[in-house]
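Scroll down for the structure; my scribbles are underneath it.
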Amino acid sequence: MKVGFVGLGRMGSAMAANLVKAGHNVSVFNRSPGRSGSLIALGAHEAKTLAEACGGEAVITMLADDAAASDIVLSHDGLIASLPQGAIHISMSSISVALSEHLTKMHAHAGQGYIAAPVFGRPDMAASAKLFIVAAGDPGIIDTCLPLFSALGQKTLSIGTQPGAANLVKLSGNFLQAAAIEALGEAIALIGKAGIDRRAYVELLTSTVFNLPSYKTYGGLIAQDSFEPAAFAASLGYKDIRLALAAAESLRVPMPLASLLRDRFLRLLAQGDDDLDWAAIGRLAAQDAGDSLRRAIP
C-alpha cells in the first residue's frame, strides 16, 4: 500500500521501518526535523510537509498526546484538510476517547475513513514487529488495513465498530499495567527492606505464579532501579491514567485505584522525573519506606 506515516518517535520510527521492510510505499513526516534519516536510507520517502504524506491510500499517526493529534489532524493544513476523499486515517496513538469520537465525526464529514488502532508493546516489540494491535471502526476499513497491521504486529484484535472503543481498551490496559507496577513496587520495597534479594525475588515470582511479560519487564526494572532510557516516559503514563479517569467520569464509573495511580505519577513528576520510564513509580514505595533500591544493588 501507499501510506504516510506521521510521528517518528521511538515507537513510530520502528513501526515505519517495518512497513518499508514489508514492501509498502511509505512517506514519513515528523513535526520536528532530523528523525527521518535512517528511514530514508531504508527506502522511505521524506515528506517535506504534512500534505505530502497524504497522497496515498492511508495515513498512520503515532503521536504523543491529544494536543499533538489535534494539531496534526484538525489544523487548517492538517490531515482532514489534506487527505483526499476515501483515504483512511489510522490513528495508532494513545489518545482520549473524546478526541477519537470527535475525529470520527470530522473525518466522516470530510468523506474520509477513520479507524483507531492503538498498540500494546514497548519499542523493542515495535522493532521486532511483535506489537498487539487493537482496532475499532468500520470492518471494511479494518480489513483494508490488515496488510499494514500484519507488518507491524503479531496479532490484530477488532474490538468494535466505534473507533473510540479501541482507545478505551488501550487506556484501560495501561491502567492495569500501571497498577501492576505499583503493586510490584510495594512488594519489592517490603522484601527489600527486610534484606531479601530483590532480583532473586522477582525471578521467583515471574517463574512461578506471575509468569507474565509485564511482571517480568517491570519487576526487573524496579529490582535493578533501572529507569533510563525510558521506553515509555512517566509523563506519558500520567497522561494515560488521566485519560482513563476522564473516560470513567463520563461513564460514571468509580476507579479509586486509578485515582491513586494518578497521584503516584504526579508525585514522580513533581520530583522532576518526567523523563524516567513510567516503571519508576515502582521506586516510590521504597522511598516511602525510607529505603533505597540502589543501596542493595551491587
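The values are calculated or read from the model by the stated rules, or taken from the named source; none is laboratory data. In this text the structure is predicted, and so the values were computed from the model without any measurement. Ideal geometry is used to build each Cβ from the backbone, glycine not excepted, and the neighbour counts take in all protein chains shown.
Values for this structure:
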| read-out | value |
| --- | --- |
| Residue in segment 75-90 that is assigned by TED's automatic domain parsing to the domain that holds THR144, touching a strand residue (DSSP E or B) at 6+ places or on another chain (Cβ under 9 Å) and under 19 Å from LEU243 (Cβ atoms) present | no |
| Verdict on LEU184 being in the same structural domain as ALA279 (by TED's automatic domain parsing), of a type in the set (A, V, I, L, M, F, W, C) and under 22 Å from ALA233 (Cα atoms) | yes |
| Every pair of residues 6+ apart whose Cβ atoms lie under 6 Å, when the first sits in segment 82-99 and is closer than 14 Å to ALA117 by Cα while the second is in a loop (DSSP other than H, G, I, E, B) | ILE90/ALA117; MET92/MET62; MET92/ALA117; MET92/PRO118; SER93/MET62; SER93/LEU63; SER94/PRO118 |
| Condition check for LYS239: of a type outside the set (A, V, I, L, M) and in contact with an Asp or Glu (Cβ under 7 Å, 6 or more places away or on another chain) | yes |
| Which numbered condition VAL28 misses (of (1) surrounded by fewer than 23 Cβ atoms within 10 Å (Cβ to Cβ); (2) under 29 Å from ALA98 (Cβ atoms)) | (1) |
| Residue check for LYS193: more than 30 Å from VAL26 (Cβ to Cβ), of a type in the set (Lys, Arg) and touching an Asp or Glu at 6+ places or on another chain (Cβ under 9 Å) | yes |
| Filter result for ALA234 (in contact with a strand residue (DSSP E or B) (Cβ under 6 Å, 6 or more places away or on another chain) and closer than 15 Å to ARG283 by Cα) | no |
| Search result, residues across segment 140-184 that are acidic (Asp, Glu) and under 25 Å from ILE241 (Cβ atoms) | GLU182 |
| Single unsatisfied condition, LYS155 versus (1) more than 26 Å from HIS102 (Cβ to Cβ); (2) in contact with a Gly (Cβ under 6 Å, 6 or more places away or on another chain); (3) outside the structural domain of ARG262 (by TED's automatic domain parsing) | (2) |
| ARG294 at pLDDT below 95, of a type outside the set (Ser, Thr, Tyr), more than 22 Å from ASP66 (Cα to Cα) and in contact with an Asp or Glu (Cβ under 9 Å, 6 or more places away or on another chain) | yes |
| Residue within segment 63-70 that is closer than 27 Å to ILE241 by Cα, out of contact with any strand residue (DSSP E or B) (no Cβ under 7 Å at 6 or more places or on another chain), among the hydroxyl-bearing types (Ser, Thr, Tyr) and modelled with pLDDT of 95 or more present | yes |
| Yes/no for VAL28 being touching a residue at least 40 places away in the same chain (Cβ under 8 Å), within 21 Å of GLY121 (Cβ to Cβ) and part of a strand (DSSP E or B) | no |
| Condition check for SER27: modelled with pLDDT of 95 or more and of a type in the set (Ser, Thr, Tyr) | yes |
